[in-house]
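This report refers to the structure that appears directly beneath it.
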Amino acid sequence: MKKYLIALLLVLMPAVVQAAASPYPLDKMKPNLRDQESLQRGMALFVNRCMGCHSMEYQRFARTADDLGLPHDLVEDYLILGEHKINDLMTISMDKGDAAGWFGAPPPDLTLSARLRGTDWLYTYLRSFYRDEARPWGVNNALFADVGMPNVLEDLQGAVVNNCTIDELMERGNRGTLDPLTGNRSGQCMTVQANTGSMNSAEFDRAIYDLVNYMAYVGEPSRLQSERIGTFVLIFLAIFTFVAYLLKREFWRDIH
Ligand code: HEC
């Protein structure tokens, strides 16, 4: 009995730890691994904006290129920024010890981040940085309090100011309402200062969607393949059942 209880606790542990981590409400996003253009844009954003600090060291450039429908020479010319070759793993050369000194915590490898944190968490985290002069990089994060990561996408999103107390922020989140015509949100705790970012909020949400979609793909690269094979298996089973039924009828005709 005790053994089962411990097993149950271990199974529930990640959920409990995650729930306890921050009360900040998560925004939902549903990955679409069939949307290759979204995955391609997400990869471009990742190698340009994130790979300075974060590796994806269990993933190869070549595999990513093949799965995302990108020609190898294009990836070599535009998406491999360091010394890497197309068949290399997506590693980086930043020393973890140095990084821990600079940021307080080393930037973790992000290959499995979407599996570990979940896509909703990532989607919310990357859209929840705000200006906070008390922090070393001048930014904080509503979901990940006192985060060590600088806001590397501020030039796209713009400078975000938080007008609420932390308690209000945790309770209400930052959804506000979206104006479908202008693509801007209103009634939120966090507001973007005018003319500080190159994207409006709908464009920025879209860019982060692509980025997280790409991270979801890297977390489980064979998922696309298994979904495709799964469809064939179901079609095969349907045809086979029909043939088996015909065969059964044929056999039983003689017996009756
Ligand atoms: C200048 C370096 C730097 C860049 C560039 C950077 N990050 Fe980070 N990131 C960090 C550091 C440092 C941490 C660890 C923060 C901590 O633990 O306090 C971190 C943490 C994270 C985490 C949380 C990991 C976890 O589960 O705890 C995610 C997710 C993340 N970064 C995603 C990104 C993405 C996506 C990009 C590109 C848009 C990016 N980062 C660009 C430095 C960076």
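The values are calculated or read from the model by the stated rules, or taken from the named source; none is laboratory data. Everything numeric in this text was worked out from a predicted model, so none of it was measured. Note that each Cβ is placed from the backbone with ideal geometry, even for glycine, and that neighbours are counted across all protein chains shown. Each accessible area value is taken on the protein alone, full model and side chains, heavy atoms only, with ligands, DNA and RNA left out. Shrake-Rupley method; radii C 1.70, N 1.55, O 1.52, S 1.80 Å.
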Inset, instruction - Return the total of residues in the range 148-177 being away from the ligand (no atom under 16 Å from the Cβ) and out of contact with any helix residue (DSSP H, G or I) (no Cβ under 8 Å at 6 or more places or on another chain). - result: 16
Inset, instruction - Go through the range 220-256 and count every residue that is within 23 Å of H54 (Cα to Cα) and either in contact with a Pro (Cβ under 9 Å, 6 or more places away or on another chain) or aliphatic (A, V, I, L, M) (or both). - result: 0
Inset, instruction - Name the single residue, out of those in the range 52-75 being within 16 Å of the ligand (Cβ to nearest atom) and open to solvent by 50 Å² or more (accessible area, probe 1.4 Å), that is farthest from S226 (Cα to Cα). - result: G52
Legend entry - Single unsatisfied condition, R49 versus (1) open to solvent by 70 Å² or more (accessible area, probe 1.4 Å); (2) more than 16 Å from the ligand (Cβ to nearest atom); (3) in contact (Cβ under 8 Å) with a residue 24 or more places away in the chain: (2)
Legend entry - Output for the range 131-143, where each listed residue is open to solvent by 20 Å² or more (accessible area, probe 1.4 Å) and either near the ligand (Cβ under 10 Å from one of its atoms) or within 24 Å of Y214 (Cα to Cα) (or both): W137
Inset, instruction - Evaluate the following for A207: is it small (G, A, S), out of contact with any Cys (no Cβ under 6 Å at 6 or more places or on another chain) and within 19 Å of A62 (Cα to Cα)? - result: no
Legend entry - Pick from the range 76-85, criterion assigned to a loop (DSSP other than H, G, I, E, B) and within 21 Å of S38 (Cα to Cα), ranking: farthest from the ligand (Cβ to nearest atom): I80
Inset, instruction - For residues that are free of Cβ contacts under 8 Å to residues at least 24 places away in the same chain and not in a helix (DSSP H, G or I), scanning just the range 209-256, find the one that is most open to solvent (accessible area, probe 1.4 Å). - result: H256
Inset, instruction - Give the residues of the range 60-75 that are assigned to a helix (DSSP H, G or I) and touching a residue at least 12 places away in the same chain (Cβ under 8 Å), sorted by residue number. - result: F61, A62, R63, T64, A65, D67, H72, V75
Inset, instruction - Would you mention how many residues in the range 80-104 are of a type in the set (D, E) and open to solvent by less than 60 Å² (accessible area, probe 1.4 Å)? - result: 1
Inset, instruction - Would you check which residues across the range 147-182 are open to solvent by less than 60 Å² (accessible area, probe 1.4 Å), over 23 Å from the mean Cα position of the chain (by Cα) and either touching a residue at least 60 places away in the same chain (Cβ under 8 Å) or under 30 Å from A100 (Cα atoms) (or both) and list them? - result: V161, N162
Legend entry - Test set (1) within 11 Å of the ligand (Cβ to nearest atom); (2) open to solvent by 70 Å² or more (accessible area, probe 1.4 Å) - A194 fails condition number: (1)
Inset, instruction - Return only the number of the condition from (1) part of a helix (DSSP H, G or I); (2) at pLDDT 95 or above; (3) open to solvent by 80 Å² or more (accessible area, probe 1.4 Å); (4) under 19 Å from L116 (Cα atoms) that L12 does not satisfy. - result: (2)
